[in-house]
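All of the numbers you see were taken from the coordinates with simple rules; none came from a lab. Here the structure is a predicted model, which means the values were calculated and not measured. So basically every Cβ, Gly included, is an ideal-geometry build from the backbone, and we count neighbours across all protein chains shown.
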Amino acid sequence: MTGTDEDDVRPTSLAAIDRAIHQCRRCPIGLLDNTAVMGEGLKRSILMVVGEQPGDQEDRAGKPFVGPSGQLLDRYLAEAGIDREATYVTNAVKHFKFVQRGKRRLHQSPTSGEIDACRWWLDSELAVVRPKVVLALGGSAARGVLGKSVTISRTRGHPIPLDGGGEAWVTAHPSYLLRLRDAKKREQERLFRADLAAVAERLAELSA
Ligand code: URA
């Protein structure tokens, strides 16, 4: 599936990106019964947080990270002293990918090709917001931000310079923490907390 010529003119404002993603047919996800979910936050934010894609609740609300993963993210951000209100929050993929099972819409992970197709919009947001730090939550977000697949355990905990300016930090997706139990959960929560603390420290350095 290809975009139209019109799609290839990069929008230069958040409002224009928002309008354009609602028309996007660069991949098949936009053909499902869903709504594009635009990033949310200040036009100029020092931190951009990138998730995978909107979930069922985000699709209904038209806002990123409002469901269970978002509530968990909010808790960890607050604990690290990072103000979500001062952060731009978005997703690597702008539409909710799902399969219908009765009344339920079950999340489906986007393919690498779908993430790469949606990079056009993430790059457009990056060009407008120009964050100094981009925090990618999970593998799909990391691919969207870095343009290649990485292993979270090998990539987390240090900054990765971005071609367009600023730096990326990679950590797990909060939904991963929600799925774990017992000792593994405690260990992954500790790592997630440490990643957010490192990002908070970096933000303080960059703001000094
Ligand atoms: N998971 C994500 O990656 N993004 C959202 O907006 C919600 C859940």
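Looking only at residues in the stretch 171-189 that are away from the ligand (no atom under 14 Å from the Cβ) and surrounded by 14 or more Cβ atoms within 10 Å (Cβ to Cβ), the one that is nearest to residue 56 (Cα to Cα) is 180.
Could you tell me which of the residues 141, 197, 168 is closer than 22 Å to residue 86 by Cβ, surrounded by 13 or more Cβ atoms within 10 Å (Cβ to Cβ) and in contact with a helix residue (DSSP H, G or I) (Cβ under 6 Å, 6 or more places away or on another chain)? Give the derivation first.
Details: 141 fails: in contact with a helix residue (DSSP H, G or I) (Cβ under 6 Å, 6 or more places away or on another chain); 197 fails: in contact with a helix residue (DSSP H, G or I) (Cβ under 6 Å, 6 or more places away or on another chain).
Just one listed residue meets the conditions, 168.
In the stretch 125-142, the count of residues that are within 16 Å of the ligand (Cβ to nearest atom), over 23 Å from residue 75 (Cβ atoms) and out of contact with any Cys (no Cβ under 9 Å at 6 or more places or on another chain) is one or more.
Go through the stretch 158-185 and give me each residue that's in contact with a Phe, Trp or Tyr (Cβ under 8 Å, 6 or more places away or on another chain) and either more than 16 Å from residue 202 (Cβ to Cβ) or assigned to a loop (DSSP other than H, G, I, E, B) (or both). Residues satisfying the conditions are 158, 159, 172, 174, 177.
The residue that is surrounded by the most Cβ atoms within 10 Å (Cβ to Cβ), among those in the stretch 52-75 that are farther than 23 Å from residue 129 by Cα and more than 11 Å from the ligand (Cβ to nearest atom), is 60.
Before we move on, is residue 49 within 30 Å of residue 190 (Cβ to Cβ) and either surrounded by fewer than 23 Cβ atoms within 10 Å (Cβ to Cβ) or within 14 Å of the ligand (Cβ to nearest atom) (or both)? Explain how you work it out, then say what you get.
Numbers: within 30 Å of residue 190 (Cβ to Cβ): yes; either surrounded by fewer than 23 Cβ atoms within 10 Å (Cβ to Cβ) or within 14 Å of the ligand (Cβ to nearest atom) (or both): yes.
Criteria met by residue 49.
Checking the stated criteria, residue 128 turns out to be in contact (Cβ under 8 Å) with a residue 40 or more places away in the chain, in contact with a Lys or Arg (Cβ under 8 Å, 6 or more places away or on another chain) and not in a loop (DSSP other than H, G, I, E, B).
Give the residue that is farthest from residue 179 (Cα to Cα), with candidates limited to residues of the stretch 33-45 that are out of contact with any Gly (no Cβ under 9 Å at 6 or more places or on another chain) and buried (at least 16 other Cβ atoms within 10 Å of the Cβ). Once the filter is applied, the top-ranked residue is 45.
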